[in-house]
Amino acid sequence: MNRCMAEHGGFDHNHQSYRTVTLLEHRYPEFPGLNLTFEVLEGIVKHSSEYDAPKAIPGFVGTGFPTVEAQIVNLADEIAYTNHDLDDGLQSGMLTLDGLSTVGLWRTTADQVRSAYGDLPTKPLKHQIIRRLIHRFITDLLAETTDRIDARSIRTFADVRRTGKELVAFSSALAPQIGELKSYLFKHLYRHYRVVRMADKAQRVIVDLFNAYRKNPQMLPAEYYEQICGDQPPERLICDYLAGMTDRFALDEYRKLFDPQEKV
């Protein structure tokens, strides 16, 4: 999307989420968007991870560090994605138990499971390892964050705003182990040829849909086309439409537009 929108303001995941909850959603007759607090909106705008680098949005610059809740969401995302990807990778066969045994954190956790339950079939073994990994991530995060709050004498929200940089974090003991695990996932899962092929296919689907709607905006649903007929630039509205699609819906739309045998 960012490539498609390069000459039209670009595309940023956080900005699009903010646009959705402040403009695109319509729940109230008095105003567009959802009735969210400043702190929740700030958490959306400043959401950060390895794949999200927050960009300034007017109204949220110079407010200090985001809330503890917003910082927790950042790390909760990391915990969820890492362990979900482990589960998916093993289920798909792109990862193997033998291969993961070369990763220290996985290996020690697997040893704990075998010590507690003996030899287990693959499915329950995988489940128990991932379950323990999630528990370890969460308990470590809680302990380290509590220590940082105490060490910085944080007692109020103003304290968080002033000295809350990386207040929510993994410990120095666990963080490198998570780093090793994620490096393994990057090499053996995220760069697996099947994932790379699917990512390339996804890019082609998005680019082709964008160009098709741009060439003939009348193919868009009425609520989007009517805005184009008004004062909204077509590219941004097409971007809104595509960004709101699920994977399945996008593929269905692609088939309808580009497969001559598919019913429209």
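Quick notes on this structure:
- Residues that are surrounded by 14 or more Cβ atoms within 10 Å (Cβ to Cβ) and outside any helix (DSSP H, G or I) within region 235-264 comprise just one, 245.
- Residue list for region 64-123, restricted to those being small (Gly, Ala, Ser) and either surrounded by fewer than 16 Cβ atoms within 10 Å (Cβ to Cβ) or without any contact (Cβ under 8 Å) to a residue 12 or more places away in the chain (or both): 64, 76, 80, 92, 93, 99, 101, 104, 115, 116, 118
- Options 30, 25: the member that is surrounded by 12 or more Cβ atoms within 10 Å (Cβ to Cβ), among the charged types (D, E, K, R) and closer than 26 Å to residue 243 by Cβ: 25
- Just so you know, in region 1-59 the residues that are basic (Lys, Arg) and in a loop (DSSP other than H, G, I, E, B) include one that is modelled with the lowest pLDDT, and it is 55.
- Residue 93 on the phi > 0 side of the Ramachandran plot, modelled with pLDDT of 95 or more and out of contact with any Gly (no Cβ under 8 Å at 6 or more places or on another chain): yes
- Filter result for residue 177 (at negative phi, in contact with a Leu (Cβ under 6 Å, 6 or more places away or on another chain) and without any contact (Cβ under 8 Å) to a residue 12 or more places away in the chain): no
- Of all residues making up region 135-169, the number that are touching a Ser or Thr at 6+ places or on another chain (Cβ under 9 Å), among the hydrophobic types (A, V, I, L, M, F, W, C) and buried (at least 16 other Cβ atoms within 10 Å of the Cβ): 7
- Hits in region 203-228 - residues which are closer than 30 Å to residue 95 by Cβ and either modelled with pLDDT under 95 or not in a helix (DSSP H, G or I) (or both): none
- Screening the candidates 182, 165 for the property of being in a helix (DSSP H, G or I), under 30 Å from residue 43 (Cβ atoms) and either in contact with a Phe, Trp or Tyr (Cβ under 8 Å, 6 or more places away or on another chain) or in contact (Cβ under 8 Å) with a residue 60 or more places away in the chain (or both) yields one hit, 182.
- Test: residue in region 38-60 that is surrounded by 11 or more Cβ atoms within 10 Å (Cβ to Cβ), in contact (Cβ under 8 Å) with a residue 12 or more places away in the chain and in contact with a strand residue (DSSP E or B) (Cβ under 9 Å, 6 or more places away or on another chain): no
- Any hit, region 64-85, residues being under 25 Å from residue 10 (Cα atoms) and assigned to a loop (DSSP other than H, G, I, E, B): yes
- Residue in region 182-192 that is of a type in the set (S, T, N, Q) and closer than 29 Å to residue 105 by Cβ present: yes
- Scanning region 187-205 for residues that are among the aromatic types (Phe, Trp, Tyr) and surrounded by 13 or more Cβ atoms within 10 Å (Cβ to Cβ) gives a single hit, 190.
- Residue check for residue 232: buried (at least 16 other Cβ atoms within 10 Å of the Cβ) and either of a type in the set (S, T, N, Q) or outside any helix (DSSP H, G or I) (or both): no
The values are calculated or read from the model by the stated rules, or taken from the named source; none is laboratory data. Being a predicted model, the structure only gives us computed values, none of them experimental. Cβ sites come from the backbone with ideal geometry, for glycine too, and all protein chains shown count toward neighbours.
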